[in-house]
1. Could you tell me which of the residues Ala128, Ala143, Ala176, Ala124 is outside the structural domain of Val88 (by TED's automatic domain parsing), of a type in the set (Gly, Ala, Ser) and surrounded by 18 or more Cβ atoms within 10 Å (Cβ to Cβ)?
2. Please identify the pairs in which a residue from region 154-181 that is under 14 Å from Lys127 (Cα atoms) has its Cβ atom under 8 Å from the Cβ atom of a residue that is polar (S, T, N, Q), counting only partners at least 6 apart or on another chain.
3. How many residues are under 12 Å from Ala132 (Cα atoms) and touching a residue at least 12 places away in the same chain (Cβ under 8 Å) when one looks only at region 96-105?
4. Answer with yes or no whether Leu148 is surrounded by fewer than 14 Cβ atoms within 10 Å (Cβ to Cβ), at pLDDT 90 or above and not β-branched (Val, Ile, Thr).
5. Consider Ile136 carefully, then state whether it is at pLDDT below 90, in contact with a helix residue (DSSP H, G or I) (Cβ under 8 Å, 6 or more places away or on another chain) and among the β-branched types (Val, Ile, Thr).
Amino acid sequence: MSESDSFIDEVTEEVRRDRLFALMRRYGWIGILGVVLIVSGAAWVEWQKARASARAEAFGDAVLSAMEAEDRVTALAAVPADGAQKAVLDLLIASERGNDAEALASLKAIGADTALPTSLRALAELKAVMAAGAAIPAAERDAALEKLAQPGAPFRQLAMEQQVLALLDAGAVDQAITLAQQLLLEPELTAGLQQRVTQLIVALGAEPAAN
């Protein structure tokens, strides 16, 4: 390589370097801003998670404390909450109140609130059916339990148990036994529910289905 070629290469490299520095001076702040935004976004997400965790923990502690009070209904009603937490409180309060009109109205309101998680709404609907007992028309009860017992529903197995009891109340013993046998074959059946259904089947004079 001649000295002139070497000189030209050096000049070209210097020009490239100058252009690069000029671009960095003009647009480098964009990259820095991007890094700042990424770091700030990550910090914000972590802060939100920590805040939500602390809020949930405080709510849980308050509920546990209220459940130890002599007047649970009053203590639970005093726990500060909103959104899904308020719905959980209303569920607990309704459970404490039993099957009075106010409790049933609260459960129905939770079940109809589409802004709440599906599992919470389903639990409220199931508890409303159970609390209402004979006060709810049979057709309305059966329709509600049929929806709650659909495959994939969060409380399908408990709803099926209520369907068995409803069939027994209607005098349909054979149908109740058949449905109870099906319930025993449900996957991931809890030990308590399995025991209750098994005892019921035996009491009705049938043999429990082998799982």
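1. Residue meeting the stated conditions: Ala176.
2. Correct list of pairs: Pro154/Thr118; Pro154/Ser119; Phe155/Ser119; Arg156/Gln150; Gln157/Thr190; Met160/Gln182.
3. Residues in region 96-105 being under 12 Å from Ala132 (Cα atoms) and touching a residue at least 12 places away in the same chain (Cβ under 8 Å): 4 in total.
4. Considered against the rule, which asks whether it is surrounded by fewer than 14 Cβ atoms within 10 Å (Cβ to Cβ), at pLDDT 90 or above and not β-branched (Val, Ile, Thr), Leu148 comes out as no.
5. Yes: the conditions hold for Ile136.
The values are calculated or read from the model by the stated rules, or taken from the named source; none is laboratory data. Bear in mind the structure is a predicted one, so any value in this text is a computation, not a measurement. With ideal geometry, Cβ positions are generated from the backbone for all residues, glycine too; neighbour counts draw on all protein chains shown.
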